[in-house]
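The values are calculated or read from the model by the stated rules, or taken from the named source; none is laboratory data. Just so you know, these numbers come straight off a predicted model, no measurement behind them. Neighbour counts run over all protein chains shown; Cβ positions are idealised from the backbone, glycine included.
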Amino acid sequence: MAETIKNAPRKISLVIVNDHALVLEGLRNLLQDNTNVSSISLLRSRAELESSLESKKFDAYLVDMKLPGTDGFRLVNTIRSRNPNARIIAYTSRVEGWAASRLAELDVDAVIFRTSAHKEILDAVNAVARGEHYKCPKFRRALVRYSPKVSAPTPRELDVLQGMARGYSSVELSRLLFISENTVETHRKNLMMKSGARNAVDLVVRAIERGYLTLPISETN
């Protein structure tokens, strides 16, 4: 009996960060009676999250990786910088290309999808309460598909990416970077594959979201 009590997970305080009121309420209703959570706080923006980090430290954070006006990866880093012991559950709509590798590099404590079954969400929170890691089946499949063969952009790919963001054509980039047009095209294809982007505009947007490009875009070297 004593051994059972010793190994039992303790109750944790949890913060859910999501801009959709219905999602917040749905997650709270699901988690409050079915997990090892003592309290659940609801936040709807990065500003509310940063304010809470100044005033109180929670045990775990369930973070929407697509919170409007910010980058989920930076949110994770912000939480870690203010509360190094926090356990973080990434709540995402999809993971493809370098996003899967980036999430793996961040070493978040759990990853679940918006389409994850209720049991998977409960399993993730309870695993985190036990001090364990949890990756939902969809994310595990993404890791198998994209990692380690899909990595972050190389320095030369970043040069091409920056030029694309400034609107340079492949011909112009070949002259600026002193490489052949075919080499530029190869870098472009690699970038599209790594990011899972549908087109050049989508590629630039994803690169900004994931911190590979910053605004304003500076001149290429």
Report task. Can you confirm whether region 62-82 contains a residue that is aromatic (Phe, Trp, Tyr), part of a strand (DSSP E or B) and in contact with a helix residue (DSSP H, G or I) (Cβ under 9 Å, 6 or more places away or on another chain)? Result -> no
Requested in this report: Go through region 152-199 and give me each residue that's touching a His at 6+ places or on another chain (Cβ under 8 Å), surrounded by fewer than 17 Cβ atoms within 10 Å (Cβ to Cβ) and aliphatic (A, V, I, L, M).
Outcome: none
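Name the residues in region 131-146 that are assigned to a helix (DSSP H, G or I) and either of a type in the set (A, V, I, L, M, F, W, C) or surrounded by 14 or more Cβ atoms within 10 Å (Cβ to Cβ) (or both), would you? Steps first, answer last, please.
Keep residues of region 131-146 that are assigned to a helix (DSSP H, G or I), which gives 137-146.
Selection gives LYS138, PHE139, ALA142, LEU143, VAL144, TYR146.
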**Report entry** Conditions (1) of a type in the set (A, V, I, L, M, F, W, C); (2) in contact with a helix residue (DSSP H, G or I) (Cβ under 8 Å, 6 or more places away or on another chain); (3) at pLDDT below 85; (4) in a helix (DSSP H, G or I): number failed by ILE5
**Finding:** (2)
Query raised in the report: How about region 68-94: which of its residues are farther than 16 Å from ILE208 by Cα, surrounded by 13 or more Cβ atoms within 10 Å (Cβ to Cβ) and hydroxyl-bearing (Ser, Thr, Tyr)?
Result: THR78, TYR91, THR92
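From the list ALA124, ALA100, ALA110, ALA104, pick out the single residue that is modelled with pLDDT under 80, in contact with a Leu (Cβ under 9 Å, 6 or more places away or on another chain) and over 17 Å from ALA197 (Cα atoms).
Values: ALA124 fails: modelled with pLDDT under 80; ALA100 fails: over 17 Å from ALA197 (Cα atoms); ALA110 fails: modelled with pLDDT under 80.
Going through ALA124, ALA100, ALA110, ALA104 in turn, the sole match is ALA104.
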Query raised in the report: Between residues in region 186-210 that are more than 17 Å from GLY167 (Cβ to Cβ) and residues that are part of a helix (DSSP H, G or I) and of a type in the set (Lys, Arg), which pairs lie under 8 Å by C-beta distance while being six or more apart or on different chains?
Result: SER195/ARG206; GLY196/ARG206; ARG210/ARG102
